[in-house]
1. Do we find a residue being closer than 20 Å to Ser138 by Cβ, of a type in the set (S, T, N, Q), crowded, with 19+ Cβ neighbours inside 10 Å and not assigned by TED's automatic domain parsing to the domain that holds Ile144 anywhere in region 86-99?
2. Identify, please: which residue in region 467-484 is within 24 Å of the chain's Cα centre (by Cα) and part of a strand (DSSP E or B) and is, among those, surrounded by the fewest Cβ atoms within 10 Å (Cβ to Cβ)?
3. Please enumerate the residues belonging to region 291-350 that are more than 23 Å from Lys106 (Cβ to Cβ) and in contact (Cβ under 8 Å) with a residue 60 or more places away in the chain.
4. Of the residues in region 324-335, how many are farther than 15 Å from Tyr121 by Cβ and either within 18 Å of the chain's Cα centre (by Cα) or in a helix (DSSP H, G or I) (or both)?
5. Considering only residues that are more than 12 Å from ligand 2 (Cβ to nearest atom) and among the β-branched types (Val, Ile, Thr), which ones fall in region 173-213?
6. From the list Gly361, Gly350, pick out the single residue that is buried (at least 18 other Cβ atoms within 10 Å of the Cβ), within 16 Å of ligand 1 (Cβ to nearest atom) and within 25 Å of Asn505 (Cβ to Cβ).
7. State yes or no: is Gly478 of a type outside the set (Val, Ile, Thr), modelled with pLDDT under 95 and assigned by TED's automatic domain parsing to the domain that holds Ser385?
8. For region 101-109, does any single residue satisfy the condition of being surrounded by fewer than 24 Cβ atoms within 10 Å (Cβ to Cβ), assigned by TED's automatic domain parsing to the domain that holds Leu230 and part of a loop (DSSP other than H, G, I, E, B)?
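The values are calculated or read from the model by the stated rules, or taken from the named source; none is laboratory data. These numbers come from a predicted model, not from an experiment. Here Cβ is always computed from backbone atoms with ideal geometry, including for glycine, and neighbour counts include all displayed protein chains.
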Amino acid sequence: MTLSAEQINQLLAEQDLLISAPDYDGQLEGLAYNSQKVTENSLLFIKGRFKAAYLADALERGLSALVVPTDFDLSTDLPVWVVKDVPAAMSILAMAFYDYPQDQLKLIGITGTKGKTSTTYMAYEMLKLATNDHVALSSTLEVITGNEPENHYRAHLTTPESLDLFAWMREAVNNGMQAMVMEVSSQAYKMERVFGLRFDVGIFLNISPDHVGENEHPTFADYLECKMQLLDHSDQVIINADSDHFVELIERAELDHSRDAIWLYAREDEDGNQADLAYQTVSADLRRSTFAVFENNQQARRLGIAGEYELDIPGDFNQGNAVAAMMATRILGTDSSAMKEALLTVKVPGRMEVLTSKTHGTVYVDYAHNYASIAALLNFAKANSHEGQVQIVVGATGNKGVSRRPGIGKAVNQAADVVYLTADDPQFEDPAVIADEIQLELTNPKLKIIREMDRVTAITKAIAAAGPTDVTVLAGKGMDEYQKINGVDTPYENDLAIAQRLLENA
Ligand SMILES: CC(=O)N[C@H]1[C@@H](OP(=O)(O)OP(=O)(O)OC[C@H]2O[C@@H](n3ccc(=O)[nH]c3=O)[C@H](O)[C@@H]2O)O[C@H](CO)[C@@H](O)[C@@H]1O[C@H](C)C(=O)N[C@@H](C)C(=O)N[C@H](CCC(=O)O)C(=O)O
Ligand SMILES: Nc1ncnc2c1ncn2[C@@H]1O[C@H](COP(=O)(O)OP(=O)(O)OP(=O)(O)O)[C@@H](O)[C@H]1O
């Protein structure tokens, strides 16, 4: 794979990104945004807080040319393209370098404050069955470009840098993959990681206050605006009509008159909603549920997925995720038998992992770590635990997502019977001080509050105290095998392993 200087000039000019081009007519044989990945005859994209030492490093590794922002001030004799927006230029040049692999993949993009990973795995599982294992995935947890172990990569971001994304897409195409399901974060649009990319189907699950703060979004309005950009870049969109800010979402989706279709889904309610597809719980317990899907109009009947489905993942919110995944994969041609099977077999690592014991009731290991997800989970547990108590072991991260703390407290205050306040990646902060901030919201006199900053001890105490009908939620860390403490990823047994160990000996 190569990119000529002439192609670069043309592609940047076409996108109105070019400010100045070098007097150079060579061929580049590699692209990189990190000096450590530079190989012989590479083009390096300069972004973020780039340091002089990185340039020296890149030169030693065979750097040939640079794409830089207007304020780049390091001196170099190499050919330099000055552009208006480096991440956007990187996306445009990366897709060309990898020969537009997205054109050979059906693409589903999924956004939402909560449920991206869960919905991605559900759609992936459905498409795997429908395509006989020819589907790729990009998620917070991992990227999968094929069916061999070497085609599985640990993810570092929810949505990868464009350069990595198009490289992985190319690998997926070369491995015979026909589709890719990917999480699209608000940061993906803010940082232009998907600039110029068109999705066959875009799913908008929900939006609630989150991700506002240092290195994220300056305001909620900016967060919403970035997320809504998925609606601008998808041929067909699927929107949860129960989502907050629905009016803005639908208005935004309707702006694109060339769009193939807008599909709405919603939980069936007494008022009779106007969604194309409605869904309703038929039966549910703490482990699984059966839900019914109704097609409310002619457009929806074209999908042909009305009927009853069993979902082997707990949580009523997962029914909505499942319906979104069903609609998206149906649009790509999946039939309802593949959906039915997928909903019985799909597992989402670290999300709603459930353990049951005769003596200590039900334990959920779950990634919930903000108001919306903890409230959804606790309300579900409360509604299904009948006479049992709902306990939660929870903390909040240090030096990150600080604005989540009152929301975590509010959700716990509304729906838990017992809370164990503990550590969750405290970093450079004192977990007890973080717990104080959560505790400010814990005003419900019926709520029992236990403070135990050692997370393993907190989980041990909670599970020991739980009776046969109780529900214990271990929130926030999913399958993480570390605690971030003072800048170090300190090894940690992981919540699921701890719960399994405790219940084995119970
Ligand atoms: C705000 C943001 O998107 N930051 C990302 C961005 O950082 P940056 O461009 O500022 O990079 P930097 O760390 O200042 O380094 C500058 C440049 O020097 C390069 N470098 C660095 C070291 C070296 O030896 N040589 C070298 O050339 C780096 O590759 C980079 O290109 O590029 C980095 C490399 O890809 C990312 O790790 C980093 O993500 C940060 C760590 C991050 O956590 N971002 C979060 C906010 C994020 O994007 N989250 C969303 C999910 C949100 C949600 O749940 O909805 C996501 O999509 O993951
Ligand atoms: N549709 C939903 N509405 C509310 N809460 C949800 C929904 N789906 C999942 N959750 C809760 O949010 C948690 C995280 O889910 P998931 O990882 O699928 O979301 P995500 O959007 O990928 O999250 P993040 O951006 O934090 O990685 C789940 O473990 C569950 O508790």
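1. yes
2. Kept after step one, since they are within 24 Å of the chain's Cα centre (by Cα), are these residues of region 467-484: 473-484.
In the following step, the residues that additionally are part of a strand (DSSP E or B) were identified as 473-475, 482-484.
Numbers: Val473: 27, Leu474: 29, Ala475: 27, Tyr482: 13, Gln483: 21, Lys484: 20.
Filtering region 467-484 for residues that are within 24 Å of the chain's Cα centre (by Cα) and part of a strand (DSSP E or B), the one surrounded by the fewest Cβ atoms within 10 Å (Cβ to Cβ) comes out as Tyr482.
3. Start the filter on region 291-350 by keeping residues that are more than 23 Å from Lys106 (Cβ to Cβ), which leaves 291-292, 294, 296-298, 306-308, 310-319, 344, 347, 349-350.
Scanning region 291-350 gives Ile313, Pro314, Gly315, Asp316, Phe317, Asn318, Lys347, Pro349, Gly350.
4. Going through region 324-335 one residue at a time, the tally reaches 3.
5. Quick first cut of region 173-213, residues more than 12 Å from ligand 2 (Cβ to nearest atom) only: 173-181, 189-202, 209, 212-213.
Matches in region 173-213: Val173, Val181, Val194, Val201, Val212.
6. Working: Gly361 fails: within 16 Å of ligand 1 (Cβ to nearest atom).
Within the list Gly361, Gly350, the selection yields Gly350.
7. Working: of a type outside the set (Val, Ile, Thr): yes; modelled with pLDDT under 95: yes; assigned by TED's automatic domain parsing to the domain that holds Ser385: yes.
Taking the combined requirement at face value, the residue satisfies it.
8. Within region 101-109, one or more residues are surrounded by fewer than 24 Cβ atoms within 10 Å (Cβ to Cβ), assigned by TED's automatic domain parsing to the domain that holds Leu230 and part of a loop (DSSP other than H, G, I, E, B).
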